[in-house]
Structure formats: C-alpha cells, structure tokens
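Notes to accompany the following structure.
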Amino acid sequence: MSTATITPSAQATPPVYVVGTARLLAGDTPAVPARDQRWLVEAARAAGLLGRGGAAFPVAAKLASVGRGATVLVNGSESEPASWKDRVLMRCVPGLVLDGALLVAGALHSREVVLAVADASSVAALQAASHQRGAGGRVRVVHTENGFVGGEVQALVNGLDQRPAVPNGRRVLPTVRGVGGRPTFASNVETFAQLALLAAHGPEGFASVGTAAEPGTTLVSVHTPDHGTSVVEVPHGTTLASLVGTSRPLLIGGYHGSWTAATDLRIERPALRAAGIGWGAGVVATLPETTCPIGEIARVAAWLAGESVGQCGPCVFGLAAIAGDLTALARGQRADTAGLRRRLGLVPGRGACSHPDGAARFVASGLQAYAEDLSRHERGGGCGRPVLSALPLGGPR
C-alpha cells in the first residue's frame, strides 16, 4: 500500500492509504460539471454504482424514482464504531462530498441540501467548503447526535424534523416522504463523493479501474492486530487477504456484518452478496490471537443491545438476553447456549428496523467462525485468554 497524497486532518484521523491510483483521496478535487437527472441516472446505471451505505441500493434506481424539487440529504452520521471512511472523506476532502451533493441538487432542481453529520470536525470542514463555494444559501450542515440506530435514514429524517430519532417501523422511503415531509434523495457520504467522480470522469473514465461487475474504487476501514486502524482506498476486485494478511476469521461489514473464515474473497459487492456476505459499512477487521474472541463478540453484543431505542421487543428483550448469555459464556460461567441459538434465530425480521437483524447476524456468524473457541467456553472455564477490547466501541474518537 502507498500512503495517500492528501494530508489527513489532525483531528485524530487514522492513517490513510491508497492501493493503486487514488480517486476519492486524490487530494485535488476534480472539476464537476453540471449534469441533468437523465444523464446521472444513465451514468450511474452504466457504472453499476451502488450506494455506499449499508443497503448498497442501486443509485440509478434511486435517482430515477425521485421527482423535481426533491430535497438532497447527505447522511454523514457514521455511527458504526469501527468505521472511519466517511469522516476521512468529510475531514480531508469535504469539497468532493459537497460537490457531489450540489451536483445532485442541480440535477433535481432542489431548493435545499442538508448534510447531517455527527462528527464536529467534519461539520467544520463541510461548513468551510460550503463557504468557499458560495453555497451557504442552499446548504444546511446539521450537527446530529442520534446514536447508532439514529443513523438509519428514517430515524435521521425524524430527528431532523424535531421528532424522536427512531425508525418509523412502517417502511416509507425518503423518496416518497423525507425531510420536512417532502420527497428526499438521501444517501451516504461516500455515495455523493462517487457521484462527483462519475460526473467529472464520465462512465468510461470512472470504470477504468475496478472490475466489470463493480467499477471504481471504494474506501475500507481496516482493523488488524499488527497495524491498528487505517482507512484504505482500493479498486474493486482487491483481495481481502492483501489488506489483512491473515488466515484468521474476518469481520466484514462492521457490527451489522458477518464473520467469515473465507480468506479468498474480493472486495466487490455483487460477489460478496453471492457468497452471502454484505459489505455494509465497509469495515474489515481481524482479532489478535491473544484475545478471547467470545469475549470480544460479547462486548460488541452488549454495546449493540445498549444502542436499542427501546421501541420493539426483539431489541429490548432479545438483544439484551443474547448479550447476557454471551457475557456469561465469556466469563467461563454456565450459559443456556441452546437458548442463545434459539434467540439468534427468532430475533431477525421481527424488529421495527434492521438493528436486531444486524446484531443477530454479527453474533451468529461470530460463533460459527470461532466454533472451536465456543466449544471451550461451553465446556466451562473459558479459553484462558483475556479480553483485550480489540474491537472499538462508541465514544469520542
């Protein structure tokens, strides 16, 4: 890996690297010409551009479904503790993010662009970029503090409209009713940066790196025992093994993601989806051999249970029970592992949002990936290794 050409923010930004040619992290923001809605839809479809949030929804379909005058919402919550990629973009190349948002706003003839951002340093960087572009009258940067579930788009819209920042339960797309009750084109920070690159380079230039199945580059938040935390821009098709260099189980996608023992996977959303793995928040993590993996999974499960907004049973009771069983296991105590497995199967699909689904997926896949360690704990006494708190949780960063 080579170091990026940008100068990372001094505000606790982790090391930043680039594999191949930098696009998002090139440093100099390219000139982004105005494009109409039809051009953007066709270009996004030609490039196979997928949203850079957890759902990886086709950007072309979302752009085509929203009408003239829709509000543009940039979701910069990044409440996933293991993810740094959006803050790297907002702190280091805020102009690229803003240019992407203004590009979409121009194509949709939008009256307002809202950037909802949880990180104070990112807020300052985006406000400065907005001032430099003379876009203050159209752009509203909002400092949000909504927690993990509050970053879900429905919850985010509710918070912006001065309602409790919780999901609605009934799925109403922002393209139908979003900020202020108006149709809203909402997407992740990196999605807007990618749209700016697509408009600047055109579909063919955009697709000059990456793979046929997924052109372009993407950002990855990488956590390894040897090198700590970093953010890496990679072309799609890059092998995960080249980033982490280990045969130990990998966590892919973050704390709503999956653990896997497969080390031959490539960073390409369609291929990962075919393997039953979501790219999620773009996180790849491995644990040191010296820590207790069951204890690490239990720590995150307890944190996820505590992040519930308390509006449905699977979160309030299911996640708490799962976390309690895991904590007992990690401490070498007897636990109802049959009940734990039963609850992991009952929680998904029953909540008001995807939080219980993602938490159950994280735990269930982790117990499968570390089946041998789980067996040691089930026999009583634990594995003999301490819990080193290798996986980051919430708090100031």
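The values are calculated or read from the model by the stated rules, or taken from the named source; none is laboratory data. In this text, all values refer to a predicted model and were calculated from it rather than measured experimentally. Because the Cβ atoms are built from the backbone with ideal geometry, glycine has one as well, and the counts that use them run over all protein chains shown.
Table for the structure above
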read-out	value
Single residue of 98, 126 found to be assigned to a helix (DSSP H, G or I), closer than 30 Å to residue 304 by Cβ and assigned by TED's automatic domain parsing to the domain that holds residue 151	126
Residue in the range 373-394 that is of a type in the set (S, T, N, Q) and within 28 Å of residue 79 (Cβ to Cβ) present	yes
Residue in the range 43-60 that is among the charged types (D, E, K, R), more than 22 Å from residue 270 (Cα to Cα) and modelled with pLDDT of 95 or more present	no
Residue count, the range 129-152 (criterion: assigned to a strand (DSSP E or B) and among the hydrophobic types (A, V, I, L, M, F, W, C))	3
Filter pass, residue 39 being of a type in the set (Phe, Trp, Tyr) and surrounded by 24 or more Cβ atoms within 10 Å (Cβ to Cβ)	no
Criterion (outside any loop (DSSP other than H, G, I, E, B) and surrounded by fewer than 20 Cβ atoms within 10 Å (Cβ to Cβ)) met by exactly one of 334, 361, 342, 350	342
Hits in the range 174-188 - residues which are touching a residue at least 12 places away in the same chain (Cβ under 8 Å) and either part of a loop (DSSP other than H, G, I, E, B) or not hydroxyl-bearing (Ser, Thr, Tyr) (or both)	174, 175, 178, 179, 180, 181, 182, 183, 185, 186, 188
Single condition residue 191 does not satisfy, out of (1) among the hydroxyl-bearing types (Ser, Thr, Tyr); (2) in a loop (DSSP other than H, G, I, E, B); (3) in the same structural domain as residue 50 (by TED's automatic domain parsing)	(2)
Answer from 155, 196, 200 - the residue that is more than 21 Å from the chain's Cα centre (by Cα), part of a helix (DSSP H, G or I) and aliphatic (A, V, I, L, M)	200
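Rundown of residues vs (1) in contact with a His (Cβ under 7 Å, 6 or more places away or on another chain); (2) over 21 Å from residue 347 (Cα atoms); (3) modelled with pLDDT under 95; (4) of a type in the set (Asp, Glu), yes/no style:
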residue	(1), (2), (3), (4)
273	no, yes, yes, no
276	no, no, yes, no
282	no, yes, no, no
285	yes, yes, no, no
297	no, no, no, no
302	no, no, no, no
312	no, no, yes, no
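Okay, residues lined up against (1) touching a helix residue (DSSP H, G or I) at 6+ places or on another chain (Cβ under 7 Å); (2) on the phi > 0 side of the Ramachandran plot; (3) modelled with pLDDT under 95:
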| residue | (1), (2), (3) |
| --- | --- |
| 162 | no, yes, yes |
| 185 | yes, no, no |
| 193 | yes, no, no |
| 201 | no, no, no |
